[in-house]
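Step one of this worksheet: look at the structure below.
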Amino acid sequence: MSLVGATLVRRLHRFGALVHVPDGEWYVHVPSSGRLAELLFPGNEVLVQAARRPGGKTQGRIVFARDRDVWVSIDTQVPTRILGRLLQERRLPPLAAYTRVRPEYPYGAGRIDFLLNGDERGLPPCLLEVKSVTLVQDGVALFPDAPTLRGARHLDELARARAEGLRAAVLFLVQRPDARCFRPHDRQDPPFGQALRRAAAQGVEVYAYRCRVDPPRVEVLTDEPVPVDLS
């Protein structure tokens, strides 16, 4: 991955921003629908992946942003890509027994990130939904950073799967290294927090992991699960 150091000029809209690079200004893609207010503000340091082909709508995409002394991966596609590989290699401890991984599994009104089956110990198939977390305040990872009806719907569908006899889990991947625990961001989206607690009470497993971020490398710390606080 070829990265260009840049300074954010301003976020123009949900998926677009203007950045200052050494040879001028670029219009770039923002690969996240989150607010990212603590990361994408004028003057902040970001890293841009340059567009492979010139002449497109954008000249690159922001993939990392600075938050004080840490880099944060903001690309919401990274968690499913990294975790898909870990699941295939059976290196994610809570789910390592499964031998087959199917991404983008149709279920309910949409799709769940992964269906896992082929378990060697006789466990039922497992539906796994993955959420990207970028916001950390005083060591607490918080999700979401903007209201998400879709996120709450995913949790209700996982609870339904549990009621139907499947195993179900949601994994919050914190794309930065400085989280000591994870909590739902109740102040930002109370219905999501309610849906998460309701799903957990119905048997949906809730996991959180953090990442070591050393651009361009993002590594899940699989041996250091982040405690989940639903109190």
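Computed from label points 7 Å out along Cα-Cβ, the spacing between residue 214 and residue 3 is 1.2 nm.
Along the axis of the charge dipole computed for the range 13-133 (Cβ charges of +1 for Lys and Arg, -1 for Asp and Glu, origin at the Cα centre), the listed residues 50, 96, 115 are led at the positive end by 115.
In the context of the full set of protein chains, residues of the range 140-186 present 37 Å² of accessible surface per residue (probe radius 1.4 Å, heavy atoms only). Under the simplified labelling scheme, the residue 77-residue 224 pair shows an inter-label distance of 2.8 nm, with each label point 7 Å from Cα along Cα→Cβ.
Where the accessible area of the range 5-136 is counted over protein heavy atoms with a 1.4 Å probe, how much of it, in %, is carbon and sulfur? Reported share for carbon and sulfur atoms: 49 percent. Highest mean first, the peptides 183-192, 149-158 sorted by other C-beta atoms within 10 Å per residue fall in the order 149-158, 183-192.
Could you size up the charge dipole of the range 84-231 around its Cα centre, putting +1 on the beta carbon of Lys and Arg and -1 on that of Asp and Glu, and report it in debye to the nearest 20? Walk me through the numbers before you get to the answer.
Details: 22 positive and 20 negative charges, 43 e Å.
Dipole of the range 84-231, to the nearest 20 debye: 200 debye.
Sum -39500 (n - 2.57) across every DSSP H segment of at least 4 residues in the chain, then divide by the residue count to get the 222 nm mean residue ellipticity, nearest 500. After summing the helix terms and dividing by residue count, I get -5000 deg cm²/dmol.
The values are calculated or read from the model by the stated rules, or taken from the named source; none is laboratory data. Since we're looking at a predicted model, the values are computed, not measured. Heads up, the Cβs are rebuilt from the backbone with ideal geometry, glycines too, and the neighbour counts pull from every protein chain shown. What goes into the accessible areas is simple: the full protein's heavy atoms, side chains included, and nothing from ligands, DNA or RNA. Shrake-Rupley method; radii C 1.70, N 1.55, O 1.52, S 1.80 Å.
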